[in-house]
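A.B. asks: My questions all concern the structure below.
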Amino acid sequence: MNRTLAVVFSLGLSTGILADAVAAGPGQDAVIADYAEKAKLADPAFTGFDAAAGKAFFFAKHVGGGADTPSCTSCHTEDITKPGQTRAGKTIDPMAVSVTVDRLTDLAKVEKWIRRNCNSVLGRDCTPKEAGDVLFWLASQ
Amino acid sequence: MKRRLLAVAALTLATTSHAADRMVTDELTKTECSACHIAYPPRMLPAASWEALMAGLKDHFGEDATLDDAALTHIRDYLVANAGRDDAKAVDAEGKPVLRISELRWFKHEHSEEVSAASFKKAGSWANCVACHAGAEKGQFDDE
């Protein structure tokens with residue numbers, strides 16, 4: 001048994017609830033399970049991700065990042081079923097998994113953009129819980 | 001006079017190059033750079049500018065554009081190997097390499113009196129080549 005599976009199983013019931021609640025596919029489930037492992041390692045009291053908290057985090061105006069990018073919505077807009085736009089003018093495919101079905105299925109890509117965007121918006125890394133809440137919410141949309 | 005000649009020479013260089021010279025042929029470079037903007041042709045910046053730009057991806061014009069080490073090395077090497085010719089004037093007031101293509105002399109000449117305020121507003125940024133150059137991603141910029 002590898003460590004990933006062991007931790008996922010140790011999360012037990014909460015992980016099962018996550019899997020049920022997410023309307024997305026196995027690709028998204030695997031990415032979210034990886035973030036659940038990270039969250040558990042960072043905080044043993046972690047019990048599961050919270051879509052409402054993720055949504056609030058996505059829409060919140062943060063401080064500490066770039067002046068032009070105080071929020072996820074600065075580029076992704078306030079409607080995640082619609083395309084967003086980078087500051088350089090390039091279209092960003094919608095974040096909602098129901099619209100962009102392969103969203104959040106590539107762990108390396110998710111980690112890269114979480115790292116970059118948290119730094120651009122908050123001027124720091126997101127905690128695994130913060131990131132996982134957002135991913136969990138996006139996967140349900 | 002000399003300055004003027006240099007500017008004309010730079011302009012000629014820029015306008016006579018073929019689309020093939022402005023193609024980004026490296027797949028990883030194309031994929032990574034074009035996530036946020038078109039993958040700019042390597043020859044649009046001198047090697048020193050690419051080196052400096054790729055060393056500063058943590059603050060890439062206000063964005064974190066960091067790459068993992070393998071991708072960083074690969075893309076930097078491609079850009080530097082295919083860079084435009086060295087340009088002693090492509091430095092800022094502190095002598096550091098210019099990082100923005102839009103601050104280079106040939107770019108300014110090409111765009112001076114070409115771009116209306118309305119067009120620029122629509123594009124949003126000099127970085128948004130395709131707003132006016134529909135074939136920019138295929139290296140075609142001569143459609144003004």
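The values are calculated or read from the model by the stated rules, or taken from the named source; none is laboratory data. The model shown is predicted, which means the values in this text are computed figures rather than measured ones. Glycine also receives a Cβ, built like all others from the backbone with ideal geometry; neighbour counts cover every protein chain displayed. Remember, those area values only see protein heavy atoms, side chains included, never the ligands or the DNA or RNA. Shrake-Rupley method; radii C 1.70, N 1.55, O 1.52, S 1.80 Å.
A.B. asks: Select from region A:97-123 the residues that are surrounded by fewer than 20 Cβ atoms within 10 Å (Cβ to Cβ) and of a type in the set (G, A, S) and list them in ascending order.
C.D. replies: Of everything in region A:97-123, those that are surrounded by fewer than 20 Cβ atoms within 10 Å (Cβ to Cβ) and of a type in the set (G, A, S) turn out to be A:S98, A:A108, A:G123.
A.B. asks: A further question on this structure: For region A:112-133, state whether one or more residues are away from chain B (no Cβ under 14 Å), touching a helix residue (DSSP H, G or I) at 6+ places or on another chain (Cβ under 6 Å) and more than 29 Å from B:C33 (Cβ to Cβ).
C.D. replies: The answer is yes, given that some residue of region A:112-133 is away from chain B (no Cβ under 14 Å), touching a helix residue (DSSP H, G or I) at 6+ places or on another chain (Cβ under 6 Å) and more than 29 Å from B:C33 (Cβ to Cβ).
A.B. asks: Quick check, is B:S102 among the hydroxyl-bearing types (S, T, Y), touching a helix residue (DSSP H, G or I) at 6+ places or on another chain (Cβ under 8 Å) and at negative phi?
C.D. replies: yes
A.B. asks: Follow-up question, since we're still on this one. Please determine, by comparing only the residues of region B:85-110 that are in contact with a Pro (Cβ under 8 Å, 6 or more places away or on another chain) and modelled with pLDDT under 95, which one is least open to solvent (accessible area, probe 1.4 Å).
C.D. replies: Checking each candidate, the answer is B:A90.
A.B. asks: For region A:78-97, give me each residue that is modelled with pLDDT under 95 and either more than 12 Å from every other protein chain (Cβ to nearest Cβ) or at positive phi (or both).
C.D. replies: Scanning region A:78-97 gives a single hit, A:G89.
A.B. asks: Follow-up. Answer yes if at least one residue in region B:123-139 is open to solvent by 90 Å² or more (accessible area, probe 1.4 Å) and closer than 15 Å to B:A39 by Cβ, and no otherwise.
C.D. replies: Within region B:123-139, one or more residues are open to solvent by 90 Å² or more (accessible area, probe 1.4 Å) and closer than 15 Å to B:A39 by Cβ.
A.B. asks: Continuing with the same structure: Hey, can you tell me all the residues within region A:68-126 that are charged (D, E, K, R) and part of a helix (DSSP H, G or I)?
C.D. replies: A:K109, A:E111, A:K112, A:R115, A:R116
A.B. asks: Also, quick follow-up: Of all residues in region A:47-72 being over 21 Å from A:Q28 (Cα atoms) and buried (at least 16 other Cβ atoms within 10 Å of the Cβ), which is farthest from the chain's Cα centre (by Cα)?
C.D. replies: Here the answer is A:G66.
A.B. asks: Would you mind stating whether A:P44 is within 14 Å of chain B (Cβ to nearest Cβ), open to solvent by 30 Å² or more (accessible area, probe 1.4 Å) and assigned to a loop (DSSP other than H, G, I, E, B)? Let's see the steps before the verdict.
C.D. replies: Numbers: within 14 Å of chain B (Cβ to nearest Cβ): no; open to solvent by 30 Å² or more (accessible area, probe 1.4 Å): yes; assigned to a loop (DSSP other than H, G, I, E, B): yes.
Answer is no for this residue.
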